[in-house]
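Remarks on the structure that follows.
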Amino acid sequence: MTQREKRHERIVNNSANVDFDDVKPWLRDFGFQLERIAGSHHVFRHPATKAKLNFQPERSGKAKAYQVKQAIRLIESLNSGSK
């Protein structure tokens, strides 16, 4: 299993406990690009879709669970469309 696969599995299986620092490389693994940072908001976009993913870290340094779940759904829809 590759590092990318391990990271994705870890995030999918525990979306409520994801370090914010793990979000950027995880999204890059799936082709997302950091479009901009405005304050604490990190906005990512995938070239194949117009949808944006907006992430802000919690005070604890974790990513917000609902934002991680949104990203998981988008990644799954992108992967199912490419097969």
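The values are calculated or read from the model by the stated rules, or taken from the named source; none is laboratory data. Since this is a predicted model, take the numbers as computed values, not measurements. Ideal geometry is used to build each Cβ from the backbone, glycine not excepted, and the neighbour counts take in all protein chains shown.
Observations
- Taking region 1-30 as the range and being small (Gly, Ala, Ser) and either under 9 Å from the mean Cα position of the chain (by Cα) or surrounded by 15 or more Cβ atoms within 10 Å (Cβ to Cβ) (or both) as the test, only Ser15 passes.
- When the criteria are applied in full, Arg36 meets the requirement of being more than 10 Å from the chain's Cα centre (by Cα), modelled with pLDDT of 95 or more and either among the charged types (D, E, K, R) or under 18 Å from Arg4 (Cα atoms) (or both).
- Options Val43, Val12; residue that is of a type in the set (A, V, I, L, M, F, W, C), at negative phi and in contact (Cβ under 8 Å) with a residue 24 or more places away in the chain: Val12
- Those residues of region 31-69 which are among the aromatic types (Phe, Trp, Tyr) and surrounded by 15 or more Cβ atoms within 10 Å (Cβ to Cβ), in sequence order: Phe32, Phe44, Phe55
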